[in-house]
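Inspection log for the structure reproduced underneath, given as C-alpha cells.
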Amino acid sequence: MRGARSGSAVAAARLGAAVVVAFLIAVIVRLPWRGDLGIHAATVERLRHDLLHPGDPLVDADAASPYYSPWTVFLGAVARLTGAGTFGVLRGAALVGLAALVTGVWRFTRTLSDHRAAPPLALLALLLLWGPALFSWSGFLGLDSLALTVAYPSTFALGLAFHLWAWLRGSLRDGAGWGRWLGLGGLWAVILLVHQFTGVVASLGIVALGASAVVPRSAAGRLRIRRGWSRSSPRPFGALLLGLVLLAVWPYYSFFALLGAGGGLEDIHRALYRDLPGRYAFVLLGVAALALRFRRDRRDPLVLFFVLGAAVVAAGLCTGHYSWGRALPAALVPAQLAAALEAVEGGFGRARAAFAALLALALAAGAWTQAGALGYVLPRSALPPPVAAKYREPWPGYRWITPWVRYGDVVMAKTFPARQIPAYGAYTVAPGYPDFFLPDEAAREAAVRRYFAPGTPRAARLEVLRRYGVRWVVARPGDGGPRPGDPALREVARGLRGQVLYEARVSAPRS
C-alpha cells in the first residue's frame with residue numbers, strides 16, 4: 001500500500017512537471033514580449049551584421065556592451081550563418097535555455113536525493129512556490145516570469161548554474177582530476193559573462209557547496225576536510241584562477257569594469273524590495289524545511305546557500321545597494337528545493353504526509369496566482385473570466401515601422417518605444433535601458449527630453465535631429481515635439497495606440 005502511494009506521488013510529480021514544460025514550449029512558439037526582449041534581439045541583430053565589432057546594441061555609437069556575452073555571440077553567429085530571423089534565433093535560444101534549466105535542476109536535485117519524485121517536484125517548487133502577488137523579473141523562476149524571460153540569457157545562465165552545482169557536488173565527492181576542475185572554472189566564467197547577476201547566484205552556490213565539504217569535527221576541535229575535497233586541492237584554486245583569467249580576457253567588454261556600475265542600477269532594483277510577503281510568502285514553507293534540514297545536518301549545503309543569499313540581500317537593503325537584491329534567487333532556490341525534498345524524504349509517517357499536503361496546497365495557490373500566464377498560449381476569449389482577469393497583455397512591438405525604417409537608421413523616440421525599436425535593427429537617440437559603457441548616455445537622454453519638452457524652440461529641436469542623424473521620429477500626438485504640420489516632419493504611417501511614424505526632413509549632421 002505504501003509503495004502504491006509512493007508510486008502515485010512520483011507519477012503526479014512527473015505529470016505536473018511535464019505539463020509546465022509543455023506549457024513553456026508552447027510559450028516559446030508565441031514568444032510573448034514584455035520587458036527586456038528588445039535589447040536581446042537588438043544584440044543578436046548587431047552581431048549578425050558585425051560579429052567582431054558590433055558597437056553599442058541600442059544607439060549608433062562605437063561602445064562596448066555587457067550584452068555581448070559568449071551566448072549572444074554564439075546566437076549572432078547562428079543568425080549570420082543561417083540567415084534565420086532574429087526572433088527565430090531567440091526561439092531557438094529559449095528552447096536551449098529551457099532544456100539547460102530542466103536538465104540542470106534534474107541533475108542537481110539528484111545529487112541531493114535519490115527519491116524518484118524529487119527532481120520533478122523540485123522543478124514544480126521552483127516555478128510555483130512563490131507568493132499570492134504576481135512578480136516577474138529576469139533571473140527569477142516563477143512560471144509567469146519564466147514565460148516572459150525564457151529567451152533571455154539569464155535563463156540559459158541559470159540552467160548552466162544548476163549543472164555547475166551538480167558537477168561541483170560530484171567533484172567534491174569523488175576527488176576529481178584537473179580536467180574536471182578546470183572545466184568548472186571555465187563554466188563559472190561563462191555564467192558570469194552571460195548574465196552577471198546569475199553569476200553572483202552561481203558563485204554563492206559554489207561557496208555554499210564548498211563550505212559544506214568542510215567538516216568541523218576532530219578530536220582537537222580543528223576543521224578537517226572531507227575526502228573528495230582534500231584529494232582535489234589545489235585544483236579548485238586552479239579552477240578559480242582560470243575563471244578569473246577568462247573573465248579578464250573576454251574581448252567584447254570589460255567584466256571587472258562592471259563592478260563600478262551604480263546609480264541607475266540601484267534605482268531600478270529598489271523595486272525588488274517591495275511587497276516581499278506578497279511575492280514570496282509561500283517560500284516560507286521552504287524556510288521551515290531548511291530549519292528541519294539544519295537540525296539534521298549543521299553543514300547542509302542548501303542551508304548554507306540560503307544563509308549566504310539572504311545575507312547579501314539584507315546587506316543590499318541596509319546599505320542602499322538595491323542591485324544586490326538580484327541575489328534573491330540564492331535564497332529562494334535553496335528554500336524551494338528544500339520544500340520539495342522535505343515532502344518526499346523528510347521526517348516520518350504522518351509528519352512527512354502533512355508537509356507534503358501543505359506543499360501541495362502551496363503549489364496549487366502558486367499556480368492559481370500565475371494562471372494568467374495561460375493567456376500567452378491561449379486566446380483571451382478561451383480563458384475563464386477569473387483567469388482572464390489575471391492575464392497581462394504582452395507588448396505589441398514595432399514591426400509596423402519596418403517597411404520604412406531600415407537597419408542602422410536612427411529613430412527619435414521616448415523611453416518605452418526605445419526599449420523595442422532596436423530589436424528591428426534601427427538605433428534610437430538615447431538607450432531605453434541603462435548603458436554603462438556609453439560615455440555620452442546622459443547627453444543623449446537630455447537631448448531626447450529637450451526634443452519632446454513643450455517649451456523647446458523649434459531650432460533647438462531640429463539641432464537635436466541633426467546632431468544625432470535622426471531619420472525617423474516615433475511619437476504620440478501628446479508626446480510633444482514640433483507642432484502638427486511642421487515641414488521638418490512628414491507623417492509616414494500610424495501604428496497602435498495612436499503612435500505615428502514621421503520622416504525627419506533635416507539636413508545631415510554637421511561635422
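The values are calculated or read from the model by the stated rules, or taken from the named source; none is laboratory data. In this text the structure is predicted, and so the values were computed from the model without any measurement. Positions of Cβ are generated from backbone atoms using ideal geometry, with glycine treated the same way; all protein chains shown enter the neighbour counts. Just so you know, the surface numbers come from the protein's heavy atoms only, side chains and all, with ligands and any DNA or RNA stripped out. Shrake-Rupley method; radii C 1.70, N 1.55, O 1.52, S 1.80 Å.
For segment 214-230, give me each residue that is surrounded by 12 or more Cβ atoms within 10 Å (Cβ to Cβ) and either at pLDDT 55 or above or at positive phi (or both). Correct list: VAL214, VAL215. With respect to GLY320, is the statement that it is open to solvent by less than 10 Å² (accessible area, probe 1.4 Å) and not aliphatic (A, V, I, L, M) true? Here the answer is no, as GLY320 does not meet what is asked. Within segment 336-351, track down each residue that is free of Cβ contacts under 8 Å to residues at least 60 places away in the same chain and assigned to a helix (DSSP H, G or I). Residues satisfying the conditions are ALA338, GLU342, GLY349, ARG350, ALA351. The listed residues are LEU101, LEU172, and the only one of them that is of a type outside the set (Lys, Arg), within 30 Å of PHE355 (Cβ to Cβ) and under 19 Å from the mean Cα position of the chain (by Cα) turns out to be LEU101.
Any residue at all in segment 358-366 that is open to solvent by less than 40 Å² (accessible area, probe 1.4 Å), of a type outside the set (Ser, Thr, Tyr), in contact (Cβ under 8 Å) with a residue 12 or more places away in the chain and not in a helix (DSSP H, G or I)? No; the residues of segment 358-366 include none that is open to solvent by less than 40 Å² (accessible area, probe 1.4 Å), of a type outside the set (Ser, Thr, Tyr), in contact (Cβ under 8 Å) with a residue 12 or more places away in the chain and not in a helix (DSSP H, G or I). If the condition is being within 21 Å of ASP174 (Cα to Cα) and aliphatic (A, V, I, L, M), then segment 78-113 contributes VAL105, LEU112.
Among the residues making up segment 149-175, a single one is in contact with a Lys or Arg (Cβ under 8 Å, 6 or more places away or on another chain), of a type in the set (A, V, I, L, M), open to solvent by less than 10 Å² (accessible area, probe 1.4 Å) and in a helix (DSSP H, G or I): ALA166. The lone criterion from (1) assigned to a helix (DSSP H, G or I); (2) open to solvent by less than 60 Å² (accessible area, probe 1.4 Å) left unmet by LEU15 is number (2). Among the residues of segment 37-77, the ones that are of a type outside the set (A, V, I, L, M, F, W, C) and over 26 Å from ALA443 (Cβ atoms) come to 5 in all. One residue stands out among those in segment 198-208 that are in contact (Cβ under 8 Å) with a residue 60 or more places away in the chain and surrounded by fewer than 22 Cβ atoms within 10 Å (Cβ to Cβ): the one that is nearest to the chain's Cα centre (by Cα), which is VAL200. Restricting attention to segment 250-262 and to residues that are open to solvent by less than 50 Å² (accessible area, probe 1.4 Å) and modelled with pLDDT under 85, the residue that is nearest to THR72 (Cα to Cα) turns out to be ALA261. Being surrounded by 16 or more Cβ atoms within 10 Å (Cβ to Cβ), at positive phi and free of Cβ contacts under 8 Å to residues at least 24 places away in the same chain: is that true of GLY55 here? Here the answer is yes, as GLY55 does meet what is asked. Among all residue pairs at least 6 apart or on different chains, which show Cβ distances below 9 Å where the first residue, located in segment 82-102, is more than 30 Å from TRP165 (Cβ to Cβ) and of a type in the set (Gly, Ala, Ser) and the second is open to solvent by less than 40 Å² (accessible area, probe 1.4 Å) and part of a helix (DSSP H, G or I)? Qualifying pairs under 9 Å: ALA84/GLY92; GLY85/ALA79; GLY88/ALA79.
Of all the listed residues (ARG110, ARG116, ARG80), the sole one being open to solvent by 40 Å² or more (accessible area, probe 1.4 Å) and either among the β-branched types (Val, Ile, Thr) or within 20 Å of GLY408 (Cβ to Cβ) (or both) is ARG80. Condition check for GLN499 on (1) of a type outside the set (Phe, Trp, Tyr); (2) within 33 Å of the chain's Cα centre (by Cα); (3) farther than 18 Å from THR428 by Cα: one failure, at (3).
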